[in-house]
Amino acid sequence: MTANARAQVRLERDGDVAVIWIDNPPINAGSAAVRAGLLNAIDEVARDERIVAAVLIGAGTTFIAGSDIREFGQPLAEPQLPMVIAAIEACPKPFVAALHGAALGGGFELALGCDARIAAPETVVGLPEVTLGIIPGAGGTQRLPRLVGVPRALAMICSGERVKGAAALAASLVDQIAEGNLCNAAVAHARSLAGRKHRLRELSVLAGEPQAVADAVAAALKAGKNRPAVVAAIDAIKASALQDFDTALAGERAAFQQLRTSREASALRHQFFAERESAKHPELLGAATRTVQTIAVIGAGTMGTGIAIAALDAGYGVLLLEQDGGALDRGGSRIREHYAARVSARKMATDVAQSRQESLRTSLQWNDIAEADLVIEAVFEDLDVKREVFARIDGLARPGAVLASNTSYLDLDAIAAATSRPQDVIGLHFFSPANVMRLMEVVRGQATAPDALATGLAVAKKLGKLPLLTGNAFGFVGNRLYAAYRRQCEFLVEEGAWPEQVDAALQHFGFSMGPFAVADLSGLDIAWRMRQAQAATRDPAARYVHVADRLCEAGRLGRKTGAGYYRYAEGNKPMVDEAVHALIEQARAEKGITPRIISDEEIVRRVLLALANEAALLLAEGVASHATDVDLALVNGYGFPRWEGGVVFWARERGETALSADFAWLAEISGPGSRIGDPRPLLASSR
Ligand code: NAI
């Protein structure tokens, strides 16, 4: 029987208690059919005199873990959730929500509409609506403050925080943790409540100290970057203490309805769907994954230690190898310091930190590679060094082990060719810091076997990463996009904008930092060395901005030298430097460029176009797997504002005709060497 043909809600009886099963796999989403089924069941509970109380419970692995994504952005079908919750509250018999798996969004609001909540130990509860640009719209902002107080409700709703098991009990989000059979425990609890109603709406709000409320508001606005959904959530939660329940509830619903149709919510839904899309790889269907328990990481530098921490945190055994004893000691200390800091910040229990570190072995002897199921190389970014390391790994690793390189730019096929098993070689491109950044590129070489690739993707998931499958091309997806972005910003400077204007305009748009401030932070020398290495093969006719080279020649390598595009004094705050202006003016004069005034609007437009154009090229070349992967890379790796959706989201709003003309304009203004992408593949939505 298909899910649709089966009743999504069914009422069973356990003596005098009704057990209402919600059965809408895979996540028991609160669809229109579920809501209608619940209304019928509630009606039956109210009418049947033999029933004294009821339990709401999810069939399968979870309670209602979220909304029906088919309703995202569409008009809501009747009956709507507030009506269901109102029926529970109006029913004179008590309802107990029995939670397991996840009770999120509307699922948790439904639970808040019940008289009590009882949860299995690992249950996760939360109201993550703001992460989709909306607010809880079925009483979450009104009932939660009655349960946990205004300050805690502000923190939880404005961040979309999910709270698990024991922590949920400690915070009063659930009344009881059921250690044994959840349904039986909930039925017993419901029976004990017979004859009494505990409507949350009847409790007075735990307003909290004014200072605690003000602090929670300030923290929420800061972390939520003043986004409209956060502001609306704050207003709605505050209203719980200022207005009567029904007035505040109506206000919440109105704000929810208005936000649902906003551009921001649509951009955030785009990001949500892009993540689902990024995991679809029809060409890998049926590819088995190889078992991975032990990971060898080669190179204990910045990336190697971050990768080791990420792997330890995911439960892998890790072998960290080096060529240099000093580097190995420093890497080992960095890992120990990381865990010590987690413990002292109370982010990790001492015994957990201890057991993670016990899964780590550091060594200068590489023979143990034979134990590894996956080897991740993170040595210097130099093809000869990497080829040498891979040849050595090839001689030691067991047959069938997956061999991965963390290279940012180098040719994966050239690295694979140093081994006798290129089918086992993949790219696993982590971003820095590797234990923090969610983005990861999983790179396919020419000879890579599907199961090696599928294993890379599975490990990435287990590490908690957002993996994007990419082709093997210079800079893969992310760094190629970033290079196009940087190039365009340099053009803008050459034509008349100052670096600080470009940075400010893009920060105002929402980037976490401007490109020149980022360049100073990461150091200008790495890119300089790369440009020098590429000088011989560069198209001499292509437009080339010399400003960065001149800065480096003057010893201005960024923050680490106290100067780059900006000057840095105490506190590391970037300061505008007239010497940089002079250097830029000189570079313009040498090319005979008369500077013009460039508007902030032009800066943002050209940056978006340069990114969209590069995205079109990446798709045409088969480097990006899905158009929307570009938006995931930008948001999760490069500080692009999530609430703007990404450049593909933006391009789809512009449409084909406008975009074709825009691309041609961009190529003209960017000058020789510009390539124009075909916008059509960007615009084709696969949904
Ligand atoms: P790093 O210089 O901090 O560390 C490299 C480590 O590799 C050093 O400890 C060195 O002793 C060791 N090493 C060098 N040759 C070796 C060999 N033959 N055998 C064993 N160990 C050797 O470099 P980082 O930043 O950690 O980068 C490593 C790789 O990760 C590079 O390919 C880089 O492109 C890539 N990457 C770096 C990112 C970053 O932001 N730093 C981001 C993403 C990738």
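Quick note: the coordinates plus some simple rules give every number you see, no bench work behind them. Keep in mind the model is a prediction, meaning the values are calculated, not measured. Backbone-built Cβ (ideal geometry, glycine too); neighbour counts: all protein chains shown.
Charged side chains reduced to their Cβ positions (Lys and Arg at +1, Asp and Glu at -1) give the stretch 479-683 a dipole of some 400 debye around its Cα centre.
Rounded to the nearest 500, what is the 222 nm mean residue ellipticity of the chain from helices alone, with -39500 (n - 2.57) per DSSP H run of 4+ residues and division by all residues? Kindly include the intermediate steps, with their values, before the conclusion.
On the way: 28 runs with 328 residues, N = 687.
Result for the chain, helices only: -14500 deg cm²/dmol.
Built from the Cα atoms of the stretch 3-261, the convex hull projects on average onto 12.6 nm², one quarter of its surface area. Placing unit charges on the Cβ atoms of the charged side chains and taking the dipole of the chain about its Cα centre, the candidate lying farthest along the positive direction among Tyr339, Ala229, Ala98 is Ala98. Each residue of the stretch 433-448 is assigned a 3J(HN,Hα), and the resulting list reads x, 5, 8, 10, 5, 7, 6, 8, 9, 10, 9, 9, x, 4, 9, 4 Hz, derived from the Karplus form 6.51 cos²θ - 1.76 cosθ + 1.60 (θ = phi - 60°), x at Gly and Pro.
Between the alpha-carbon centres of the stretch 184-217 and the stretch 517-539 there is a gap of 59 Å. The angle between the Cα long axis of helix 81-90 and the main principal axis of the chain comes to about 30°, on a 0 to 90 degree scale.
Annotation: amide H-H contacts under 5 Å for Thr362 (H modelled 1.01 Å from N, sequence separation of 5 or more, or interchain): Leu320.
Taking packing as the residue-averaged number of other Cβ atoms within 10 angstrom, the listed peptides 618-624, 329-335, 631-637, 125-131 run from highest to lowest as 631-637, 125-131, 618-624, 329-335.
Of the residues Ala458, Val436, Leu412, the one whose Cα sits farthest towards the positive end of the charge dipole of the stretch 292-472 is Val436 (charges of +1 on Lys and Arg Cβ, -1 on Asp and Glu Cβ, taken about the Cα centre).
Quick one: putting +1 on the C-beta of Lys and Arg, -1 on the C-beta of Asp and Glu, what dipole do you get for the chain around its Cα centre, in Debye to the nearest 20?
Working: 72 positive and 79 negative charges, 169 e Å.
Roughly 820 debye, rounded to the nearest 20.
Once Rh is set to the Kirkwood radius over Cα pairs, what Stokes-Einstein translational diffusion coefficient, in µm²/s, holds for the chain at a temperature of 10 °C and a viscosity of 1.306 mPa s? Show your work: numbers first, answer last.
Numbers: Rh = 28.0 Å.
Diffusion coefficient, whole number: 57 µm²/s.
A simple rule links phi to the HN-Hα coupling: the Karplus curve 6.51 cos²θ - 1.76 cosθ + 1.60 with θ = phi - 60°, which for the stretch 503-517 gives 4, 5, 5, 6, 5, 5, 5, x, 4, 5, 9, x, x, 7, 5 Hz, with x for Gly and Pro.
For the stretch 126-136, backbone phi angles converted through the Karplus equation (6.51, -1.76, 1.60; θ = phi - 60°) give residue-by-residue couplings of x, 10, x, 3, 4, 5, 10, x, 10, 10, x Hz, Gly and Pro being listed as x. In terms of the mean number of neighbouring beta-carbon atoms within 10 Å, the peptides 535-541, 546-552 order highest first as 546-552, 535-541. For the stretch 292-472, a crude dipole built from +1 on the beta carbon of Lys and Arg and -1 on the beta carbon of Asp and Glu, taken about the Cα centre, is about 720 debye to the nearest 20. Debye sum, Cα scatterers, the stretch 479-683, no solvent: what log₁₀ I/I(0) at q = 0.12 1/Å? Once normalised to I(0) and log-transformed, intensities are -0.62. Here Ile177, Ile295, Ile676 are placed in order of increasing Cβ neighbour count within 10 Å, fewest first, which gives Ile676, Ile177, Ile295.
Can you tally the net charge around Ser522? Count Lys and Arg as +1, Asp and Glu as -1, for every other residue whose Cβ sits under 10 Å from the Cβ of Ser522.
Working: positive: Arg559, Lys560; negative: Asp520, Asp525.
So the surrounding residues net to 0.
Residues whose amide H lies under 5 Å from that of Val9, counting only those 5 or more places away or on a different chain, are Asp23; hydrogens are built 1.01 Å from N in the peptide plane.
Pairs of Cα atoms nearer than 8 Å and 6+ residues apart set the relative contact order; for the stretch 26-82 it is 59 percent. For Asn472, the residues 5 or more places off, or on other chains, whose built amide H falls under 5 Å of its own are Arg444. Within straight-line reach of Lys197, meaning a Cα separation under 22 Å, sit the following lysines at least 8 residues removed in sequence or on another chain: Lys93.
For the chain, calculate the relative contact order in percent as a whole number, restricting contacts to Cα pairs under 8 Å that are 6 or more residues apart. Each step should come with its number before you reach the end.
Details: 1279 pairs, mean separation 62.2, N = 687.
Taking the mean separation of contacting Cα pairs over the length of the chain, I get 9 percent.
Considering only Gly133, His508, Gly317, and ranking their Cα positions along the charge dipole of the chain that arises from unit charges at the beta-carbon of Lys, Arg, Asp and Glu, the one farthest toward the positive end is Gly133.
Kirkwood radius for the stretch 292-472, taken over all pairs of different Cα atoms as the inverse mean of 1/r, rounds to 16.0 Å.
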